Every structure is written in structure tokens, then in C-alpha cells.
1. Can you say whether B:GLY321 is within 14 Å of chain A (Cβ to nearest Cβ), in a loop (DSSP other than H, G, I, E, B) and surrounded by fewer than 20 Cβ atoms within 10 Å (Cβ to Cβ), as far as the supplied structure shows?
2. Filter the range B:57-75 down to residues that are open to solvent by 40 Å² or more (accessible area, probe 1.4 Å) and part of a loop (DSSP other than H, G, I, E, B), then give me how many there are.
3. State whether the residues of the range A:71-93 include one that is within 14 Å of another protein chain (Cβ to nearest Cβ), open to solvent by 50 Å² or more (accessible area, probe 1.4 Å) and closer than 22 Å to B:GLU3 by Cα.
4. So, in the range B:1-56, exactly how many residues are in contact (Cβ under 8 Å) with a residue 60 or more places away in the chain, more than 14 Å from chain A (Cβ to nearest Cβ) and open to solvent by less than 50 Å² (accessible area, probe 1.4 Å)?
5. Could you check, for the range B:258-275, whether at least one of its residues is open to solvent by 20 Å² or more (accessible area, probe 1.4 Å), among the small types (Gly, Ala, Ser) and either over 24 Å from B:SER230 (Cα atoms) or touching a strand residue (DSSP E or B) at 6+ places or on another chain (Cβ under 6 Å) (or both)?
6. Somewhere in the range A:34-57, is a residue free of Cβ contacts under 8 Å to residues at least 12 places away in the same chain, assigned to a loop (DSSP other than H, G, I, E, B) and within 10 Å of chain B (Cβ to nearest Cβ)?
7. What pairs can you find where one residue is in the range A:13-25 and within 13 Å of chain B (Cβ to nearest Cβ), the other is part of a loop (DSSP other than H, G, I, E, B), and their Cβ atoms are less than 6 Å apart, with a gap of 6+ or different chains?
8. Residues in the range B:276-296: is at least one open to solvent by less than 30 Å² (accessible area, probe 1.4 Å) and within 11 Å of chain A (Cβ to nearest Cβ)?
Amino acid sequence: MNFIDEFRDKNTILAFNELIKKELKAPINIMEICGGHTHSIMKYALPSILPKGINFVHGPGCPVCVMPRKRIDMAIKLAAMPNTIFCTLGDLLRVPGSKFSLLELRAKGCDVRALYSPLEVLKIAEQNQDKNIIFFAIGFETTTPMTALLLEKVINLGLENVFFHINHITVPAPIHAIMNDENVKIDAFLGPSHVSVITGWGIYEDIARLYKTPIAVSGFEPVDIMQSVLNIVRQKNEGKFEVFNQYQRAVSKEGNLKAQELVKCYFDECDFEFRGLGEIKKSGLRLKDEFARYNAELKFDCEVESKNESKACICGQILRGVAKPYDCKVFGKACTPKTPIGSCMVSGEGACAAYYKYSKVNE
Amino acid sequence: MKEISLAHGGGGEEMNELVSFIFKLFDNEILNQANDSALLENLGSNLAISTDNFTLSPLFLNEEVNIGKLCVCGSVNDVLMVGAKPLYLSLGLIIEEGLEFAKLEQILKSIKKECDKAGVKVVCGDTKVVPKGKGDLLYINTTCLGEVLCKKETKNIKEGLSLLLSGDIGRHGGAVLVQRNELEADIKSDCKSLTGEVLALLEAKIRVVCMRDATRGGLSAVLNEWARQSGFDILVYEEKIAIQDEVMGICELFGYEAYELANEGTFVLCVEKEDEQKALEILRKFNPNANIIGEVLKEKKARVILQNAFGAKRFLEAPKGELLPRIC
């Protein structure tokens, strides 16, 4: 398949691997910021061919994994309201709240829908004018412009029954938080290309310089990842710490200015509590005051009492890159994709789910 | 109290849980074999029986495939999978108030056409009509009865057997996704009865040990079920498994794995190693994408291992939960 096959090409992958093996001089801890990379790395079993010195460490870049339980409980409370259609993206539906998940709530009869595109909300709102449609917006810089576009369309169409619960977060802030943790030993980063399609690769220049860590903004295919790893190895060998734009096919330094403008128009920065990392300054986005009438947190009673996270679960350490899923006592035992304790085991992008699903095959 | 969720119908681990819940209550030696069809050996001749319920949204996937064709192929294929020739079909219709007669007629004509093709007669049936909003337009139940020609049972899986796949995978699931999401993609469901292929294999005396059509849960569910039932590890080669570009595209878009998408006219078979080439020749007459995809290993850890083109290995897990599109 064009644009896919060449990035999964056996000979190219093996050629990159040979170069990495030849040039690697010392072990490197590479944090893949995004859960999508964790899944690609495990799905294509790259650690099983790469030299042992390449140590991949999972980062905080799965929006579902870093959502604190309180936000999930808020979602469940909103979705359980009468006369409501609750819409959100993907596998947030599986994450356990204090009592149950959104999927279990749906089985009890509530109208909970997983969307592929936020714009599906428009059709749902038009077809159900007697109901409140709540869009639980989640994701990093990749998905935020779509939420902004949806809000713009809701306003332009004069839809009065659509409300937003905003849980958008940004990539650089948690990276700073991680690098300022003295327990963390990260030598380089893989940056998610889809985030940089929007933000540009320029957002990482400060991080690379400040922490002296090479960063490769990488695509998600195995050839992309292997090329990025080789670049990181070379930067380390040469004592460089730059941002390498591996995903030149879609990423520029400035990114998508139109999308950035759209986000600026509707959102302000705010502090946000990351699961496992605590509250991080200016790491989230909130609806600007002038759009308060669309804010589900103001329109509805969202207050919830949440149970603490399970003490057995070490998702927090995994998300900070100081532990691997195997280090967790409940991994693969009490905590499996079917009986998840932490959201890292639930999300399609979660580290524990990736390790559980694909790995240990060579042991 | 735990409730039934959509995941219990997805063809993955939750569905196995539901099936075990039912099996436990009706526990008997025939049911417990867990073949695609039950083998009834005490009724004079060897009979195989299989029943299936069908829902499809939308009811018509394209001009050729609708719930009618599906309900025949599904049951007929289950009977074929135990090495039996399908003969008789029962037809139960639960119709929702409001379904147009013209549509029902079109569906019934598809049933007739597919039955004629498979050499099967509809010999009994039932209809019920439920109020609007209670029935998703149409539910169909079919039960197929067939005569066992050469018994094939999954309990006979052992090390050293070759695994073959009769065609490319994921087209039925892909076609449903395209229709439901109003996408433009040229994906035609693989829905068809497998009578030709299976009877040709049996007539050629290929030593087929067992067969299974890869319906809900896809190839991944079949291989994992076989690994679990037999206890043996199964190794499959990614490069050998044909997937249409458009199906791969849909998977990329939604974040799914083609191995987990449903098929309705593609089956997996275990044959003696010496017969693999002969079996492949026969299968390729019906579908050029048929291939030898792997083997049953001697290790007994009940795992399915997928080896990719560049030699790396990973597990091919059984599907879990319901398929949800990825978040970004």
C-alpha cells in the first residue's frame, strides 16, 4: 500500500538496524513520549531486533492514561444524567471510574457514544434537539483543533444543545515535569509526529537544549522509528542535542498555523492534574470565559467524590519513565485488559496494554 | 451486578466467557466438543447441526451481500467446518414493525439464491413481529443440518500440522465499517458459502485435521481458540497473510488490526504437513489469496506467535472488548 509499505519495508528496517548496531557506543534510554509509539515499538517487536543498549521508556503521552480518576468520574456523572447523549473518543469508554466505566454505564441503558470524529456531534445534535449532547473532549495538541472546529461550527449553526467538557492537554509541560524529576534517567526522546503536524517541531528546541537531550520527531511506522533511533545514536556519539525532524513528509518547524489560530481563538492555558505526575502548570487548556455557555462543567453539576487510585498500581511511575510495566506487581495478574486496575492497561495507547498484548514472546 | 455488554458479542474473550456461562448449564459431551457444528452420531446416519443468529446494520451491505445471504452462508459454513455436507435449513425471522415488504422480499430472494448455490433446502421456519424500536428491523436465526462425510474436530490439533488460510482477511468487517461510517472505499464483503472449497478438499482426500471459519473475532480469535483448546503454540507468518490494501487502510484509520476483523467466507484449516501443497492448490482455484500461513509448534504454552517480515516475533492476542476507534 502506497505510503505505508515503504515504511514497513523489511530491507530498510534491517539496514537501519545494522547501522544502529554498528554505531551504538553506550546504552541509551529513549523515552517515547507518545503511547502510539509504544504500541508501534511493541507491535513490530523492535526491541527484539535492536541491540540491548537501546532501552525504550514509556512516557506520559497517552491522553487516556494521564486522565485522573476524578475526570473519569465526572464523565460518568454527566453521562448518567437523564436526557443526555454523551459523546467522546475511543477507549476512554473502557477506563474504570471509582465505581464503573462508561461502557458499563452504557450497558445500564445510558446513551454513551464513541465517535471517530468530533464533528459527528453536529449530526447527533441536529437529530436530537430535545436532548443535551455532551462532548467530553480529550487529547493532546493533535485533537484540540478538532474540538475548536466543532465549537466554531456549533456556534455558527446556532446549536443550543451541545456542551463541552474540556480535557485537552499539551506535550511540552509534562516533559519539563519529568526532566525535573531527579529519579528520571532519560537520554533522548521520540517526539510524536502527529502532535508536531499541528505544533511544528519547534516546540522541542528548548527541551533539547535545556536538558541536553536529542529529540527525534518521528512517524509511527517501524522505518520511521528505526531512522529516528539511528539519528539519536549519532547525536549521542557526536555530543549533539538537537531536534531531528524525521517526519519531514508532514511536519514543519512552525506547524499548522491555521489550526493553532483556531485553538487560540477558543482556549486559554490552564493548570491540569496529570495522573501519576500531579498538577502541572500551564499543561492544559480551558474554554475562554466568553464561551462559558458551552462549558459543561459550568452548565451541569460535575462535582464528584472519587476513590483514590489503587495502591498496587504503579502507573504513575510508569508514566514518569522510572518503572516498566513488568515492574508492577499486579501486571498481567490482577491487572489485565479485561480486568484493568489502571488506565495504562485499558487504553489502546497505554504502555501496560502494549506490553501485555505483544511482548515477552522472546523470553 | 455484572451485565451483558456489547463486548460479550464481539467474538473475543468476553464472548467466550458468555458461551462458557451457557455451556456450564447445559453441560454434555456433544456441546463440550465446541466444534462449529455439533456432531450427532446416534441418529442412524452421522448428522451435524449448527444454529446461528444474525444481525446486520445496515441490512444491505451492497447489491450482492445482505443479511439474507449472510444467514445462509454463516450456518452452511459452520456445518462444512466439521466435514459435513449441508442439507437442510430452518429459518426464524424476528421482524420489526415498519420493515418494508420490498426489502424483506429482496432478503428472502437472497436466501433462496444462496441456498440453491449451496444445495440446501429451507424446510421449516417461524416468524415473529415485534413493535417498532424493539428489533433493529430484522433478526434472523438459521439452523443447518448436514451429513457428515469425513469428521473434522478441533480436538485433533497436534504439533507439526500446517495452517492454511483460504483467502485474504478482514473484508466483511471492513465492508461493515465502510457502510456504517459512510466512507468511500472499495471493500466487498467476502461473504460466501464455502461448499465448493470444502467438498473439493474432502474429495481429493486431503488429510484435513480441522477447519474453522474466521467470523467474529477474525483470524486472531480462531488461532487463539485453537491454541487454547489444544494447548500447543501456534506460529504464523505475517507476510503470508493476505490483506487487501483498502482493508489495511480502514484499519490504519480506526486503529484496528485486520486479524480481528470479521470474515464471512474465509476459513482456516489445519492439515498434515505432507498435504499442505496439494491443499493450497485446491484452495487457490477458489481464491488466489489462499496461502500456507503457519504451523502448530511443539511447545505447549497455548500462545499464538506472529512473526513479521523482518524476523521479529510478537503475540497475536485474542480480541478483547468491543472494537473502539483510537483516540488520536
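1. Details: within 14 Å of chain A (Cβ to nearest Cβ): yes; in a loop (DSSP other than H, G, I, E, B): yes; surrounded by fewer than 20 Cβ atoms within 10 Å (Cβ to Cβ): no.
Here the answer is no, as B:GLY321 does not meet what is asked.
2. Of the residues in the range B:57-75, the ones open to solvent by 40 Å² or more (accessible area, probe 1.4 Å) are B:57-58, B:60, B:62-64.
Now drop any that are not part of a loop (DSSP other than H, G, I, E, B), which leaves B:57-58, B:62-64.
Of the residues in that region, 5 qualify.
3. no
4. Final tally of qualifying residues: 12.
5. no
6. Checked the range A:34-57: no residue is free of Cβ contacts under 8 Å to residues at least 12 places away in the same chain, assigned to a loop (DSSP other than H, G, I, E, B) and within 10 Å of chain B (Cβ to nearest Cβ).
7. Qualifying pairs under 6 Å: A:ILE13/B:PHE310; A:LEU14/B:PHE310; A:ASN17/A:ILE49.
8. No, that holds for no residue.
The values are calculated or read from the model by the stated rules, or taken from the named source; none is laboratory data. Being a predicted model, the structure only gives us computed values, none of them experimental. Cβ atoms come from the backbone with ideal geometry, glycine included; neighbour counts cover every protein chain shown. Note: accessible area is taken over every heavy atom of the protein model, side chains too, but ligands, DNA and RNA are not part of it. Shrake-Rupley method; radii C 1.70, N 1.55, O 1.52, S 1.80 Å.
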